[in-house]
Amino acid sequence: MDLHILDHRLRVTSICKNGLVNFTHPLIKLIFLRNRARCKFFSLTETPENYTVVLDEEGFKELQPSEHLLVESSVWLPLNVVSNGNSSSSSQAVGVTKIAKSVIAPLAQQHVSVFMLSTYQTDFILVREKDLAVVINTLEEEFNIYREVGGEYSAVLSQHVHNGFQKNGKEAPQLTVHPLLIPQNQFCVMSLDPDTLPAIATTLIDVLFYSNSPKEGALPSQDLDCIKFFSFSLIDGYVSLVMDTEAQRQFPADLLFTSSSRELWRMVRIGGQPLGFDECGIVAQISQPLADNNISAYYISTFSFDHALVPEEDIVSVTEMLRQHRKEPAC
């Protein structure tokens, strides 16, 4: 398999709910006027707490400094696994499941934090730019690694460095077991022809900026039946949408497309308190058991919490599996 280091330098930001009005204009520009914004990597995810915006340096210029904007200090680089010329989610077990053992687990073992962004088309593993040498050193035995520069890919060789921990050593990061929340929403993972964005502009703006969750402002808890979650990504010309079925009904059915099976997904939300960015192994804790049982999953990290989407028919077994797995002593 090949591992591509894509030609994007990304920033991970958060816009608080009551400050969204200050960023509506630049966000609309980034979504609908991509040629003017010159942003090639843009993702906006709404959760009950905030809006997480991941975007490249050109897009980041559109966001003016504000007390309502939090910016994670690191520059992040997106990685993409390619097998036989196809992206990682083209196989039967989609999403994070396909890369759990080959990418996520090894990086967790080497104490490398990752930020996951699954889309309709593929899965992006974001790593800090400062960790890239360790990432290459860790994954070079499993992958042919290429780096994209100006649209061209060239082979990357290991720099034979590490981040203070012996490669393949037995020391494992001390993992925190975070609580899980299973909201009742049913979710859809869909795509859209970018040329048809103007046709859904009014609906998309309303859903992203003006719609209110029934429990808007409520703190996450085990009693929260449904949560507000909507994700829009426009990356290298491809659109990906993740929304619950209530939001989906507001869009013209003939413009959104999904897989032939039209499956519905349920969410596993990870974290009782904001997770932060320095802890390693959070994605691995969830993705490894799913991979062991060949259960498909999409995974979307946000500024405060992580979210895994699994097929609706698997949610009961996944819930039990994850809770049982987290009770087992670490090896």
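The values are calculated or read from the model by the stated rules, or taken from the named source; none is laboratory data. Given the structure is predicted, the values throughout are model-derived calculations rather than measurements. In this analysis, Cβ positions are derived from the backbone assuming ideal geometry, glycine residues included, and neighbour counts consider all displayed protein chains. For accessibility, only protein heavy atoms count, side chains too; no ligands or nucleic acids. Shrake-Rupley method; radii C 1.70, N 1.55, O 1.52, S 1.80 Å.
Couple of notes before you dig in:
- Fraction of accessible area attributable to carbon and sulfur, the chain (%, probe 1.4 Å): 48 percent
- Straightening the chain between E58 and L175 buys 38.6 nm, computed as 0.36 nm per residue apart minus the Cα-Cα spacing.
- For the pair K29 and F257, label points projected 7 Å from Cα toward Cβ lie 3.2 nm apart.
- Relative contact order of the chain, pairs being alpha-carbon contacts under 8 Å that are 6 or more residues apart, as %: 23 percent
- The length gained on full extension between E129 and N18, counted as 0.36 nm times the residue separation minus their Cα-Cα distance, comes to 36.8 nm.
- Accessible area (Å², 1.4 Å probe, nearest 10) - W265: 10 Å²
- Put simply, the amide H of D306, placed in the peptide plane, has neighbours under 5 Å in I270, leaving out anything fewer than 5 places away on its chain.
- Phi to ³J(HN,Hα) by Karplus 6.51 cos²θ - 1.76 cosθ + 1.60 over segment 69-76, Hz, x for Gly, Pro: 10, 9, 10, 5, 5, 7, 8, 10
- With θ taken as phi - 60° and the Karplus curve 6.51 cos²θ - 1.76 cosθ + 1.60 applied, the whole-hertz 3J(HN,Hα) list for segment 311-321 is x, 4, 5, 9, 5, 5, 5, 5, 4, 5, 4 Hz, x standing for glycine and proline.
- Extreme residue, positive dipole direction of segment 219-324, given options S240, S301, G271 (C-beta unit charges): S240
- Pairs of Lys residues in the chain, spaced 8 or more positions apart or belonging to different chains, with C-alpha separations under 14 angstrom: 6 in total.
- In sequence order, calculated HN-Hα J values of segment 275-290 (Karplus, 6.51, -1.76, 1.60; Hz; x Gly/Pro): 7, x, 10, 8, 6, 9, x, 5, 5, 5, 4, 8, 6, 4, x, 5
- Y238 accessible area, assembled protein chains, probe 1.4 Å, Å²: 140 Å²
- Theoretical gain in end-to-end length, Y210 to N293 [0.36 nm per residue, Cα-Cα removed]: 25.9 nm
- When the Cα gyration tensor is reduced to axis lengths a ≥ b ≥ c, the ratio a/c is 1.5 or higher for segment 1-78, and with a/b above b/c it is classed as prolate.
- Beta bridges per DSSP with both ends in the chain, % antiparallel, nearest 5: 95 percent
- Average accessible area per residue (Å²) across the chain - probe 1.4 Å, nucleic acids and ligands excluded: 46 Å²
- Modelled label positions at T202 and S73, each set 7 Å beyond Cα in the direction of Cβ, lie 4.7 nm from each other.
- Cα gyration tensor shape of segment 2-135, rounded if a/c is under 1.5, else prolate or oblate by comparing a/b with b/c: prolate
- About its Cα centre, the dipole of the chain is roughly 320 debye, where the only charges are +1 on Lys and Arg Cβ and -1 on Asp and Glu Cβ.
- Just checking the listed ones, E148, E57, E320: in the Gaussian network model of the chain with Cα springs under 10 Å, the one fluctuating most is E320.
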